[in-house]
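S.K.: I'd like to ask some things about the structure below.
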Amino acid sequence: MNGMKRINMIVVVLGALGLLAVSGCNNRVPAESLAKRAHFNYWAGNWSIAQEQYAQLVDRVPDNWKYQFHLGSAALHNDDLDIARSSLSIAETLRPQDGRIASELAETMYRQDDRDALFTFLVDRAESTQRSDDWLMLARYSLDLDDPDMARLAIQEALVLDVSDSAEPYIVSAQLSERVGDIDGALKSLKIAWTLEPDNEKVQTMIRDLGEVPGPTMLGSVEMGG
């Protein structure tokens, strides 16, 4: 029995040493190798693993905006909203011009139901960047949060600043008009959107939903331009 006890003890000790060795190896994984694993798991949609790996990277290099962004994004997919907001806020501070970061930070605030912080963030950003995309983001959330006055203002600013000939501002404008019952206004915006992007399936569907058939014959005397 004494011999068996000694053997069992040796097995336990060896097992413990093995775990410590593995743990030690994990801690010594070079940042570059860990980043490659994290990137793979992020793009593969393995959000929990990616979040854990990016958290390790952020611990090592907290001022790396890519690590902070991907940690926040993975946490958002995991519905870990506090971690998502913290990391995305840091990433946005480090890289304020990046629209992807701003979009995911706004979505985090929206899902936290922090309406005041969301509007403050979006208004400040739109006024600061003076970019059409940022005004449109404010308009979309204003629609979702039933603030048509803010949505209308944001759409107007987006249309003034837009230089891309994109249909998107007119799509959002049509959604606002439809929301407040202005079907004629919605159709006018959609017809302009169609002239800009006639193959846009979303535009075509919205036009059909309002009782028109997409095509040149629907235009009539619609004025072109923004």
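S.K.: Within segment 112-134, which residues are in a helix (DSSP H, G or I), among the basic types (Lys, Arg) and surrounded by 14 or more Cβ atoms within 10 Å (Cβ to Cβ)?
M.R.: Hit for segment 112-134 is Arg125, nothing else.
S.K.: Restricting to segment 59-80, what's the tally of residues that are hydrophobic (A, V, I, L, M, F, W, C) and surrounded by fewer than 20 Cβ atoms within 10 Å (Cβ to Cβ)?
M.R.: The total comes to 2.
S.K.: Another question about this same structure. How many residues are closer than 14 Å to Lys188 by Cα and under 20 Å from the mean Cα position of the chain (by Cα) if we restrict to segment 150-167?
M.R.: 0
S.K.: Considering only residues that are more than 15 Å from the chain's Cα centre (by Cα) and more than 16 Å from Gln97 (Cβ to Cβ), look in segment 135-144 and name the one that is surrounded by the most Cβ atoms within 10 Å (Cβ to Cβ).
M.R.: Taking segment 135-144 first, the residues more than 15 Å from the chain's Cα centre (by Cα) are 135, 139, 142-144.
When the remaining residues are screened for being more than 16 Å from Gln97 (Cβ to Cβ), the result is 139, 142-144.
Numbers: Ala139: 28, Ser142: 24, Leu143: 19, Asp144: 11.
That would be Ala139.
S.K.: Could you tell me which of the residues Asp133, Asp116 is acidic (Asp, Glu), farther than 26 Å from Thr217 by Cβ and free of Cβ contacts under 8 Å to residues at least 12 places away in the same chain?
M.R.: On inspection, the qualifying residue turns out to be Asp116.
S.K.: Leu88 - would you say it is under 16 Å from Glu157 (Cβ atoms) and either at pLDDT 95 or above or outside any helix (DSSP H, G or I) (or both)?
M.R.: no
S.K.: Kindly evaluate Thr93 against the criterion of being at pLDDT 95 or above, polar (S, T, N, Q) and outside the structural domain of Phe40 (by TED's automatic domain parsing).
M.R.: On the way: at pLDDT 95 or above: yes; polar (S, T, N, Q): yes; outside the structural domain of Phe40 (by TED's automatic domain parsing): no.
Here the answer is no, as Thr93 does not meet what is asked.
S.K.: Out of Glu168, Glu157, I need the residue that is surrounded by 19 or more Cβ atoms within 10 Å (Cβ to Cβ), among the charged types (D, E, K, R) and in contact with a Phe, Trp or Tyr (Cβ under 7 Å, 6 or more places away or on another chain). Which one?
M.R.: Numbers: Glu168 fails: in contact with a Phe, Trp or Tyr (Cβ under 7 Å, 6 or more places away or on another chain).
Just one listed residue meets the conditions, Glu157.
S.K.: Being outside the structural domain of Phe119 (by TED's automatic domain parsing), assigned to a helix (DSSP H, G or I) and surrounded by fewer than 18 Cβ atoms within 10 Å (Cβ to Cβ) is the requirement here; does Arg152 meet it?
M.R.: no
S.K.: A further question on this structure: Of all residues in segment 31-56, which are part of a helix (DSSP H, G or I), under 18 Å from the mean Cα position of the chain (by Cα) and not polar (S, T, N, Q)?
M.R.: Across segment 31-56, the qualifying residues are His39, Tyr42, Trp43, Trp47, Ala50, Tyr54.
The values are calculated or read from the model by the stated rules, or taken from the named source; none is laboratory data. Quick caveat, the model's predicted, so the values are computed rather than measured. Cβ coordinates were reconstructed from backbone atoms using ideal geometry, including for glycine residues, and neighbour counts include every protein chain displayed.
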